[in-house]
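The values are calculated or read from the model by the stated rules, or taken from the named source; none is laboratory data. What you see is a predicted model; the values in this text were computed from it and never measured. Note that each Cβ is placed from the backbone with ideal geometry, even for glycine, and that neighbours are counted across all protein chains shown. The protein model used for the area step is the full one, side chains on, heavy atoms only, and it has no ligands, DNA or RNA in it. Shrake-Rupley method; radii C 1.70, N 1.55, O 1.52, S 1.80 Å.
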Amino acid sequence: MEEKRPVWTSRYTFILAAIGSAVGLGNIWRFPYIMGQYGGAVFLLVYLLLIVTICFIPLFAELTVGKITKKECIGAFESVNPKFKILGFLNPLTGILISSFYFIVGGWIVYYIYISLTNVHIVNYSEYFSDFTQNSIPACICTLTFLFSCIYFTARGVKKGIEFANNVLMPLFAVIMIGLIIFSLQLPNAHLGLEYMFKPDFSKLDSQMFLAALGQALFTLSIGMGALLTYGSYISEDKSIAKTTYTIIFSDTIFALLSGIMIFPAIFSFGLEPNSGAGLVFVTLPHIFSQIPYGNVVSCAFFILLLAAAVTSGISILEVPVASISERLKMTRAKACYWVFLVIAAIAIPATLSFGALSEFKILNKSIFDFLDFSTSNVLMPLNAFFICIVAGWFLKIKGEMFIKNKYIAKLFDFGLKFAAPFVLLFLLIIGLN
Ligand code: PFF
C-alpha cells in the first residue's frame, strides 16, 4: 500500500531534525578524539577552514536536490537523469553500512548508562572496555537495543516519530551539555584544556591532518549518504536552503566546540593524555568520573547526553534506506522498517562480534567493524558527496545567483560547486584509498 509523502510540520521542526542528524557521535565521541590525535587547536583551525570553504557546498547541494526533486535518494538522482539511478542506490547502501557500525557504538553507550546506574565497581577502565566489547552476547544485545530504539521512532513516521524524538531529545541534550560544561570548567587546571583547544601549535600541521579534518567534517555534517537529501525532500513551502545550511553548520560546529570544552578541561585537570583515540569517551572519561564526588551521576548524565545525540542521528541514517524502500517498493513505512532492521542486524551482529568471536575474520586486512568504518568514511561518503556536487552543479544547474545577492560571491559558489568541492572530494577519496 502506498503512503502519502510526509512533510515537516514547520521550518523549526525541519531545522531541529537536520541539526539532530548532524549533531551526534561525530561531535561528542569522534571530534574530541580525532582532535586529540592531531594535536588540538591547529586541527581545529584546519577543520573550520575546510567547513567554510568546501563542506558547506555538498551539504547545500543535498538539501537542494531533495527540496527540488521531492523524492528519496534513488528517485531524486533518477529524476535528474535515469542513468543516475545507480548513484542514488549508493546512498541507502552507505546508510545501511554506516548504521551497522554507528549502532555498535550506540550499543556501548546503552551499556555505559547501565553501568553508571548500577554503580559497577571498575578497577581498570581500559581492560573493562575491551572485555565488554569482546564479550559477544551483551555487546550484541546492546547493539540491537540501540538499533531497535532508533527504528521505533523511524517507524512512527516523520511527524510522530522523527519530529517527536528531536523535539524531546535535542533540548534534553542541550541542557545536560550546559550542566556538564559548567562542571568541567570548575575543575582545577581547567584552563589547560582550553589552551590545548584554542592555542595552536603550528609545528603539528601535516597533510594527514587535512584528510582527517575533511573526513570528520563530512561525517559530522551528515554529508554523503543522502540523509539531508531525504530530509530536504520533506520540505513543503519555499524555505531558504541557504539559511538552513548556515544554521546546520553553525550549530554543528558550536556543539563540536562545546563537546571539546566539556571534555578537554576534565582530561587536563586529571593529568591524562588527550590522544587516547576512540577510547577517549569510553575509557578516559569514565576513569575521571570514578574519581569525582557523585561520579556515577555525572557519568550517567554524560552517557544520556551521548545517547540523545546518537538517537537523533541514528534516526536520520535509518530514514535513508527506509524512505527508499517504502517509496520505491510501495511498501508501508512499518514494513520497510522491519526489513531495514533485519538487514542492518545481519551486518551489525557480525561487526559487533568482530571485537570478540570473529576477531580473526578480516576483509582487506581489516576487522569487519574497521572495514565498515573505512569503506563508509573514507570511500562512500566522499564519493556520494562528489556525485551530489556534480549532479547539482552540472546537471541540475543550480546557480549561486538563485540564492546569493552578491554576484561575486554567487560566482565563487558556482566555481566551488562545479570545480573546487568535487576536486577536493575526489582528492580525499584517492588519498584515503591508499
Ligand atoms: N552526523 C552524525 C554524527 O555526527 O554523529 C553521523 C551521521 C548522521 C553521518 C547521518 C551521516 C548521516 F547521513
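At q = 0.21, 0.23, 0.24 Å⁻¹, work out log10 I(q)/I(0) for the stretch 144-211 with the Debye formula, treating every Cα as an identical point scatterer and leaving solvent out; two decimals please.
Relative scattering, expressed as log10 I(q)/I(0), comes to -0.87, -0.94, -0.99.
For the chain, what does -39500 (n - 2.57) per DSSP helix run (n ≥ 4), summed and divided by total residues, give at 222 nm, in deg cm²/dmol to the nearest 500?
So the calculated ellipticity at 222 nm is -22000 deg cm²/dmol.
Between the stretch 304-325 and the stretch 174-246, what's the alpha-carbon centroid distance in Å?
Cα centres, the stretch 304-325 to the stretch 174-246: 18 Å.
With all protein chains present, how much of the accessible area of the chain (probe radius 1.4 Å) comes from carbon and sulfur, to the nearest whole percent?
68
Given a Förster radius of 25 Å and the C-beta distance between Lys362 and Ile431 as r, what FRET efficiency does 1/(1 + (r/R0)^6) yield to the nearest 0.05?
Once rounded, the FRET efficiency stands at 0.65.
Running Debye on the stretch 289-434 with equal point scatterers at the Cα sites and no solvent, what base-10 log of I(q)/I(0) appears at q = 0.09, 0.19 Å⁻¹?
After summing over all Cα pairs, the log10 values are -0.52, -1.17.
Restricting things to alpha carbons, tell me how big the stretch 1-115 is in terms of Rg and Dmax, in Å.
Rg then Dmax for the stretch 1-115, in Å: 17.8, 54.
With all pairs of different alpha carbon atoms counted, what Kirkwood hydrodynamic radius in Å does the stretch 167-283 show?
Kirkwood hydrodynamic radius for the stretch 167-283: 16.8 Å.
Can you give the accessible area per residue of the stretch 78-127, in Å², using a 1.4 Å probe?
Spelled out: the 1.4 Å probe surface of the stretch 78-127, per residue, equals 45 Å².
Based on the Kirkwood radius over alpha-carbon pairs, what value in µm²/s does the Stokes-Einstein equation return for the translational diffusion coefficient of the stretch 65-164 at 20 °C and 1.002 mPa s?
Approximately 131 µm²/s, per Stokes-Einstein.
Rank these by accessible area, largest first, 1.4 Å probe: Tyr234, Tyr408.
Tyr408, Tyr234
Kirkwood hydrodynamic radius of the stretch 254-346 from all distinct Cα pairs, in Å?
16.0
What is the packing order of peptides 145-155, 82-92, 379-389, taking the mean over residues of other C-beta atoms within 10 Å and listing the highest first?
Listed from highest to lowest mean packing, they are 379-389, 145-155, 82-92.
Would you mind putting 46-52, 188-194, 69-75 in packing order, based on average other-beta-carbon counts within 10 Å, highest first?
Those peptides, ordered most packed to least, come out 69-75, 46-52, 188-194.
Please compute, for the alpha-carbon atoms of the chain, the extent along each of the three principal axes and give them in descending order in Å.
59, 49, 44
Between Leu329 and Ser10, take the C-beta separation as r, use R0 = 30 Å, and let me know the FRET efficiency to the nearest 0.05.
The pair Leu329/Ser10 has a calculated efficiency of 0.50.
If you bin the C-alpha pair distances of the stretch 54-123 every 10 Å from 0, what whole percents do you get?
Histogram of Cα-Cα distances, whole percents per bin: 17, 29, 22, 15, 12, 4.
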